[in-house]
Amino acid sequence: MTPQDNSYGILIAALGGEGGGVLADWLVQCARRHGLPVQATSVPGVAQRTGATSYYIELLREPVSGSAHPVFGLTPVAGRVDVLVASELLEAARMVERGFVTGRTTLIASTHRVYTTVEKMHMADGRQDPQRLADAARALARHAVLFDMEAVTVKTGTVVSAVMFGALAGAGVLPWPRSVCEDVIRESGKGVQASLAGFSAAFDEAAQPSTPATEVSKDALQVLADAQLPSLLQGEWMVRLQTWPPAVQLLAAHGALRCRDYQNDRYAQTFFDHVQGLVDATPPAASEALEEAVRHLALWMCFEDVIRVADLKTRRSRYARVASEAQAKPGDIVRVTEHFKPGVDEVAAVLPRALGQWLVALATKRGWMGKAHVGLHIRSTSLWGYLMLRSLAWLRPLRPRSLRYAQEHETLGVWLAAMRQVLRQSPALALVLAGLPQVLKGYGDTQVRGRENYARLWALHVAPVLGGTADAEQVAPRLREALRTTLADPEGKLNQAHRAAPGPKAQPVFWAAKAPPRETTVTPHA
């Protein structure tokens, strides 16, 4: 066997802060303990959380005899990687795209996702299809070992590098026994017990992958039962749900619970009334459009205002999540600071409608809109900060009288009426129209642009159909393409011609206020 044939390349694809460098060091130490020549190099990306990093280890499967000195490569070469281990599914897909996964490669990867900035910025659902990523990995690799390493990491209280190490050992791709790996972990002296637990769990998963349980969605009745609603209310809702198609039942059950959490039981009943109107207007051919409409109806009715933000940010479950993400241990002190920059429009949004409109008009006249802001840093984990935020959350009973509530529900009512008409007229157009509320995302300038985009798309494509001056079947593909373009480019930078296209004025006027209010989304800072 020549030294070239004897070489063995292991490529680690991880994210900054996940311990990819530690894993590379462990592998080097194991190789040396086993008497194998080895070399490790790194190609780090952003050396912090979510920055892509890669480490390449090249070694010999067997020691060389005599005075021969092997020459190792400094970087991985496409077609010459024997093992690729990735801490996240998209990182594995990137390595596949670069040609590092071939019929020679054993691919070991986690199926969980850490979403990229581009995915998060998308106005709709910008996530990559995980099934497509996994299928590509399985199709191109000689052998693929895929399981949720994040779940193992959380369960064992360790870091993902230890889990990746266990997966490598369990998959049988390392030329040394398990005991060597465990000895190296013990000698590291840091988090030994947790690392060994994560290593062992991943070893078992890679050696004998557990069969994923078939995910069977609970029916709507079970969802309501799990919510522990008052018996009278639960019975009332069940009666309504049972008359609807099964897919709509499940969506409506989740939507009603969301609306109840957002406002109250009466608000959930209003959601059910809207769903009933859509169901009554839907022919069998438009079932897909109905499901999409119900989903977006629930999201729209639970629009985020400062009341909702304050409520969510002061929930115990949110604090637990932040502490978990910060990897805080029992006894650690975690301080969370919320960053606010409220303006006139945020204040006007929660005021009674008439007063809010007066304030917006005054601020617009005097040039305050978009300029008058107050930067606030509120520590929600302190007593004073918590009470300040809860005082905003306690305004929930007053929300139905607010300016923002009136604006949202007037526009929502027009959309519902259009959906009921189009569902009977053209299922194809109804499916696209059901997704139109997706452009109403974000806060500040993004929220304003979303409203402008909604009004523009409505005026150019929806209003002519409702007025009988355009054919619904012809409009459907045009609206679908316009919506796709808007979601991909909400600011209109890439398609100025499309955005500047003339069209009739939107009817009804979308938010009567000259300067519409905007949402405030706070960001935790631990």
Report yes if some residue within region 236-258 is at pLDDT below 80 and either open to solvent by 60 Å² or more (accessible area, probe 1.4 Å) or in contact with a Gly (Cβ under 8 Å, 6 or more places away or on another chain) (or both); otherwise report no. no
Counting residues that are within 30 Å of residue 341 (Cβ to Cβ), touching a Phe, Trp or Tyr at 6+ places or on another chain (Cβ under 9 Å) and open to solvent by less than 10 Å² (accessible area, probe 1.4 Å), which helices (runs of 4 or more DSSP H) fully inside region 425-474 reach at least 1? 445-457
Does residue 318 fit the bill of being open to solvent by 80 Å² or more (accessible area, probe 1.4 Å) and on the phi < 0 side of the Ramachandran plot? no
Regarding region 388-405, can at least one residue be identified that is of a type in the set (Ser, Thr, Tyr), in contact with a Pro (Cβ under 8 Å, 6 or more places away or on another chain) and under 28 Å from residue 273 (Cβ atoms)? yes
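Okay, residues lined up against (1) over 25 Å from residue 151 (Cα atoms); (2) in contact with a helix residue (DSSP H, G or I) (Cβ under 9 Å, 6 or more places away or on another chain); (3) assigned to a helix (DSSP H, G or I):
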position	(1), (2), (3)
324	no, yes, yes
330	no, no, no
335	yes, no, no
338	yes, yes, no
345	yes, yes, yes
348	yes, yes, yes
359	yes, yes, yes
363	yes, yes, yes
368	yes, yes, no
I need a count of the residues in region 301-315 that are of a type in the set (A, V, I, L, M, F, W, C) and under 16 Å from residue 264 (Cα atoms). 5
Does region 360-394 hold any residues that are open to solvent by less than 30 Å² (accessible area, probe 1.4 Å) and either in contact with a His (Cβ under 6 Å, 6 or more places away or on another chain) or over 19 Å from residue 311 (Cα atoms) (or both), and which are they? 360, 363
If you scan region 101-113, which residues turn out to be of a type outside the set (Gly, Ala, Ser) and in contact with a strand residue (DSSP E or B) (Cβ under 6 Å, 6 or more places away or on another chain)? 101, 105, 106, 107, 108, 111
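Among the residues of region 268-284, write down those that are under 29 Å from the mean Cα position of the chain (by Cα), more than 12 Å from residue 237 (Cβ to Cβ) and buried (at least 18 other Cβ atoms within 10 Å of the Cβ).
274, 278
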Looking at (1) modelled with pLDDT of 90 or more; (2) more than 17 Å from residue 171 (Cβ to Cβ); (3) touching a Ser or Thr at 6+ places or on another chain (Cβ under 8 Å), find the lone condition where residue 81 falls short. (2)
Does region 209-217 contain at least one residue that is among the hydroxyl-bearing types (Ser, Thr, Tyr), open to solvent by less than 80 Å² (accessible area, probe 1.4 Å) and either outside any loop (DSSP other than H, G, I, E, B) or modelled with pLDDT of 90 or more (or both)? no
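The values are calculated or read from the model by the stated rules, or taken from the named source; none is laboratory data. As the structure is a computational prediction, the values presented were derived from the model and not from experiment. Ideal geometry is used to build each Cβ from the backbone, glycine not excepted, and the neighbour counts take in all protein chains shown. Ligands, DNA and RNA are stripped out before the accessible areas are found, and what is left, the full protein with its side chains, is counted by its heavy atoms. Shrake-Rupley method; radii C 1.70, N 1.55, O 1.52, S 1.80 Å.
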